[in-house]
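Undergrad: This is the structure, below, for whatever I ask next.
The values are calculated or read from the model by the stated rules, or taken from the named source; none is laboratory data. Quantities reported herein were computed from a predicted structural model and do not represent experimental measurements. Every residue, glycine among them, receives a Cβ derived from its backbone with ideal geometry; neighbour counts consider all protein chains shown. Please note that ligands, DNA and RNA were not included when accessible areas were found on the heavy atoms of the full protein model with its side chains. Shrake-Rupley method; radii C 1.70, N 1.55, O 1.52, S 1.80 Å.
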Amino acid sequence: MKSNTLSRAGLNGENGTARNVHYGDILIKFGDCLDDERSDLPFITDDTVLPKYAGSILREGDVIFADTAEDETAGKCVELRKLPKEPTISGLHTIPARPRFPFGTGYLGHYLNSDAYHRQLLPLMQGIKVISVSKAALQDTQVRFPGLSEQSAIGAALNEIDSLITLHQRKYDKLVVFKKSMLEKMFPKDGESVPEIRFAGFTDPWEQRKLGDVAPLQRGFDLPVNQMTPGPYPVVMSNGIGGWHSKYMVKGPGVVTGRSGTIGSLHYIEQNFWPHNTSLWVTSFNGNEPRFIYWLYASIGLERFGSGSGVPTLNRNDVHDLRVGFPCDVAEQRRIGTFFSRLDTLITLHQRKLELLQNIKKSLLDKMFA
């Protein structure tokens with residue numbers, strides 16, 4: 001079977017007479033098996049392309065390999081199941097394969113993406129910046145499989161786990177989008193005195209002040225790794241807790257963000273802590289609710305203030321002059337802080353469930369196909 005060479009520019013998400021399997025979707029978007037309910041396969045814009053591949057129309061049970069990647073994920077594949085009504089053809093940087101005899105639904109997709117099989121491909125890969133695997137290399141690999149009924153049982157079990165992973169991934173993604181939306185709506189937009197959404201019972205206008213007057217930032221304190229002595233106090237660096245020390249410099253709770261390296265990452269620290277010199281920390285909450293200040297900073301998007309072409313850096317003075325709105329009523333601040341903290345807890349819960357399911361699947365793949 002043949003593959004086309006259409007780039008993304010020749011594809012669209014609206015309409016066309018044929019669908020396309022692009023290698024980038026195999027590497028990033030698709031799981032081990034593909035069906036029309038989860039696929040969102042792009043359409044081919046040029047209707048004259050399909051007749052050229054009349055003998056290479058894909059069908060259920062076919063396996064499509066991505067032959068190119070920027071790392072050792074080259075060779076990742078997808079087993080086709082429940083294809084859309086439009087004819088589907090294999091796209092750029094893909095190798096289509098059709099089994100010579102029937103396999104249990106889902107077995108090949110899961111097995112050919114397992115570490116047990118992929119280890120065969122590693123010594124066959126070529127390239128440095130861009131890694132590729134050839135059709136000849138794929139043909140030299142060995143495929144192990146049990147009887148058809150056991151294949152079907154393995155495929156069904158792993159497909160069920162995939163469905164659960166997809167379910168929790170969607171819930172997680174929706175919550176992340178919801179959180180982003182609420183951060184935009186529960187803090188005033190430029191030129192507005194109140195946010196779009198408020199809790200019932202709060203009607204007073206929000207004050208507008210410079211951020212440096214509300215919750216000023218200060219650079220953290222030097223602490224070389226060889227001078228860090230084990231202790232109960234977290235050392236908060238630009239990307240989070242980077243160690244534990246026997247002394248602290250700031251009493252909790254505190255709000256810390258990255259100053260050098262990782263810009264825009266925020267950390268709320270309950271206990272006493274040592275803010276590292278790669279970070280900036282809020283020196284005073286000026287009577288405001290600390291958790292509200294954390295979410296106020298989160299709504300700003302500090303990463304847009306980063307500068308420097310090599311190691312990004314955040315200058316606190318660039319942030320201090322920013323005018324922000326905030327409620328004077330600490331009770332409203334507390335409600336906002338609690339809302340977003342609970343939302344974050346829910347997001348973390350789904351993330352952990354997702355990671356647990358992914359680990360279960362990996363463990364099963366290792367044990368089934370070792």
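Undergrad: In the stretch 38-85, which residue that is acidic (D, E) and closer than 20 Å to G24 by Cβ is most open to solvent (accessible area, probe 1.4 Å)?
TA: The qualifying residue most open to solvent (accessible area, probe 1.4 Å) is E70.
Undergrad: Please verify whether I28 is of a type outside the set (S, T, Y) and open to solvent by 40 Å² or more (accessible area, probe 1.4 Å), treating the condition exactly as stated.
TA: yes
Undergrad: Any residue that is within 17 Å of T5 (Cβ to Cβ), under 24 Å from the mean Cα position of the chain (by Cα) and either free of Cβ contacts under 8 Å to residues at least 40 places away in the same chain or part of a loop (DSSP other than H, G, I, E, B) (or both) - is there at least one of those in the stretch 58-76?
TA: Scanning the stretch 58-76, I find at least one residue that is within 17 Å of T5 (Cβ to Cβ), under 24 Å from the mean Cα position of the chain (by Cα) and either free of Cβ contacts under 8 Å to residues at least 40 places away in the same chain or part of a loop (DSSP other than H, G, I, E, B) (or both), so the answer is yes.
For (1) modelled with pLDDT of 95 or more; (2) of a type in the set (F, W, Y); (3) surrounded by 16 or more Cβ atoms within 10 Å (Cβ to Cβ); (4) assigned to a helix (DSSP H, G or I), each residue gets a yes or a no:
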{"site": "V319", "(1), (2), (3), (4)": "no, no, yes, yes"}
{"site": "G325", "(1), (2), (3), (4)": "no, no, yes, no"}
{"site": "C328", "(1), (2), (3), (4)": "no, no, no, no"}
{"site": "A331", "(1), (2), (3), (4)": "yes, no, no, yes"}
{"site": "I336", "(1), (2), (3), (4)": "yes, no, yes, yes"}
{"site": "R342", "(1), (2), (3), (4)": "yes, no, no, yes"}
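Undergrad: Being within 30 Å of S90 (Cβ to Cβ), more than 28 Å from the chain's Cα centre (by Cα) and open to solvent by less than 70 Å² (accessible area, probe 1.4 Å): is that true of S132 here?
TA: no
Undergrad: Scan the stretch 12-33 residue by residue and report those that are assigned to a strand (DSSP E or B) and either in contact (Cβ under 8 Å) with a residue 60 or more places away in the chain or basic (K, R) (or both).
TA: R19, N20, V21, C33
Undergrad: Would a scan of the stretch 303-311 turn up a residue that is buried (at least 18 other Cβ atoms within 10 Å of the Cβ) and among the β-branched types (V, I, T)?
TA: no
Undergrad: Looking at the stretch 256-274, can you tell me whether even one residue there is part of a strand (DSSP E or B) and open to solvent by 40 Å² or more (accessible area, probe 1.4 Å)?
TA: yes
Undergrad: Looking at L365, L356, which one is open to solvent by 70 Å² or more (accessible area, probe 1.4 Å), hydrophobic (A, V, I, L, M, F, W, C), outside any loop (DSSP other than H, G, I, E, B) and closer than 30 Å to V143 by Cβ?
TA: L356
Yes/no per residue for (1) outside any loop (DSSP other than H, G, I, E, B); (2) among the charged types (D, E, K, R); (3) exposed (fewer than 13 other Cβ atoms within 10 Å of the Cβ):
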position	(1), (2), (3)
R100	no, yes, yes
G109	yes, no, no
Y117	yes, no, no
A136	yes, no, yes
F145	no, no, no
E150	yes, yes, no
G155	yes, no, no
L158	yes, no, no
L175	yes, no, no
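Undergrad: While we're on this one: Within the set of pairs 6+ apart or on separate chains, which have a first residue in the stretch 173-194 that is under 12 Å from F340 (Cβ atoms), a second that is open to solvent by 40 Å² or more (accessible area, probe 1.4 Å) and among the small types (G, A, S), and C-beta atoms under 9 Å apart?
TA: L183/S299; M186/S299; F187/S299
Undergrad: While we're on this one: Given the residues G243, G212, G220, which is the only one that is open to solvent by less than 30 Å² (accessible area, probe 1.4 Å), farther than 26 Å from R334 by Cα and touching a residue at least 60 places away in the same chain (Cβ under 8 Å)?
TA: G220
Undergrad: Out of the residues in the stretch 279-300 meeting the condition of being within 23 Å of the chain's Cα centre (by Cα) and either assigned to a loop (DSSP other than H, G, I, E, B) or touching a residue at least 60 places away in the same chain (Cβ under 8 Å) (or both), tell me which one is farthest from E207 (Cα to Cα).
TA: This residue is A298.
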